[in-house]
Amino acid sequence: GQNIDQPTEMTATEGAIVQINCTYQTSGFNGLFWYQQHAGEAPTFLSYNVLDGLEEKGRFSSFLSRSKGYSYLLLKELQMKDSASYLCAGGKYNNNDMRFGAGTRLTVKP
Amino acid sequence: EAQVTQNPRYLITVTGKKLTVTCSQNMNHEYMSWYRQDPGLGLRQIYYSMNVEVTDKGDVPEGYKVSRKEKRNFPLILESPSPNQTSLYFCASRSGLAAGNEQFFGPGTRLTVL
């Protein structure tokens with residue numbers, strides 16, 4: 001199976017740090033992606049992990065542990081505009097099959 | 001401007017009336033996909049294509065058809081729409097399968113089937 005699980009909702013304060021977790025069944029995926037989606041808009045790419053470890057990209061970082069089927073997205077110095085849904089997705093090298101989690105809706109409060 | 005376009009953006013139709021949602025990308029991408037997004041279920045892949053004339057089923061293909069006659073276009077066809085196909089649909093494209101090749105999404109098509 002290729003279930004991808006992430007929390008439904010999270011709330012955090014402006015300026016703080018928040019970690020959004022994603023777990024998946026270890027068979028089948030070669031890469032783990034994170035997307036941001038504002039209400040009523042299309043998803044936009046944030047980051048990807050192929051190897052274990054932390055990938056940093058400005059205020060956003062993503063971590064992957066393939067053996068544990070676990071990833072997280074870390075958002076630092078939260079801003080109000082970071083209020084959005086964050087989608088975790090698994091992809092394969094050999095085809096265009098991609099599976100998404102249901103998304104985590106993050107609300108940033110002043 | 002590099003983009004994925006979809007038409008129409010909004011559509012209200014009735015059960016059984018065939019419809020097509022068009023998708024076009026101007027980035028010369030080989031790989032294209034269709035997704036539907038429903039509350040609580042997230043994005044689910046309907047069909048994907050790896051190149052012209054190469055398509056494959058995703059997670060939820062029932063009730064849908066696709067074609068890939070040209071590289072830039074990947075229309076989604078609903079031969080006989082039903083109310084359970086009411087959803088928000090996204091088309092996406094990417095240049096390659098390596099993890100660094102991000103997917104670019106179209107703006108979405110909100111479909112209501114009465």
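The values are calculated or read from the model by the stated rules, or taken from the named source; none is laboratory data. Quantities reported herein were computed from a predicted structural model and do not represent experimental measurements. A quick note on method: Cβ atoms are made from the backbone with ideal geometry, for glycine too, and the neighbour counts reach across all protein chains shown. Each accessible area value is taken on the protein alone, full model and side chains, heavy atoms only, with ligands, DNA and RNA left out. Shrake-Rupley method; radii C 1.70, N 1.55, O 1.52, S 1.80 Å.
For this structure, a couple of remarks:
- Selection status of B:Gly16, touching a residue at least 40 places away in the same chain (Cβ under 8 Å) and at the interface with chain A (Cβ under 10 Å from one of its Cβ atoms): no
- Filtered by the rule that a residue be touching a Gly at 6+ places or on another chain (Cβ under 8 Å) and of a type in the set (A, V, I, L, M), the stretch A:84-104 gives A:Leu87, A:Ala89, A:Met98, A:Ala102.
- Output for the stretch B:1-47, where each listed residue is assigned to a strand (DSSP E or B) and among the charged types (D, E, K, R): B:Arg36, B:Asp38, B:Arg44
- Matching entry among A:Lys68, A:Lys57, A:Lys76, A:Lys81 (being charged (D, E, K, R) and within 30 Å of B:Ile46 (Cα to Cα)): A:Lys68
- One residue stands out in the stretch A:17-52 among those that are assigned to a loop (DSSP other than H, G, I, E, B) and among the small types (Gly, Ala, Ser): the one that is nearest to A:Val108 (Cα to Cα), namely A:Ala39.
- Residue match in the stretch B:70-83 (condition: open to solvent by less than 10 Å² (accessible area, probe 1.4 Å), more than 13 Å from the chain's Cα centre (by Cα) and modelled with pLDDT of 95 or more): yes
- Residues that are open to solvent by 10 Å² or more (accessible area, probe 1.4 Å), under 27 Å from B:Ser33 (Cα atoms) and either part of a loop (DSSP other than H, G, I, E, B) or at the interface with chain B (Cβ under 10 Å from one of its Cβ atoms) (or both), drawn from the stretch A:53-96: A:Arg66, A:Ser83, A:Ser85, A:Lys92, A:Tyr93, A:Asn94, A:Asn95
Quick grid of which residues meet (1) within 14 Å of chain A (Cβ to nearest Cβ); (2) touching a helix residue (DSSP H, G or I) at 6+ places or on another chain (Cβ under 9 Å):
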position	(1), (2)
B:Val60	yes, no
B:Ser67	no, no
B:Pro81	no, no
B:Pro107	yes, no
B:Thr112	no, yes
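- Scanning the stretch B:27-58 for residues that are closer than 16 Å to B:Phe105 by Cβ, more than 10 Å from chain A (Cβ to nearest Cβ) and modelled with pLDDT under 95 yields B:Met27, B:His29.
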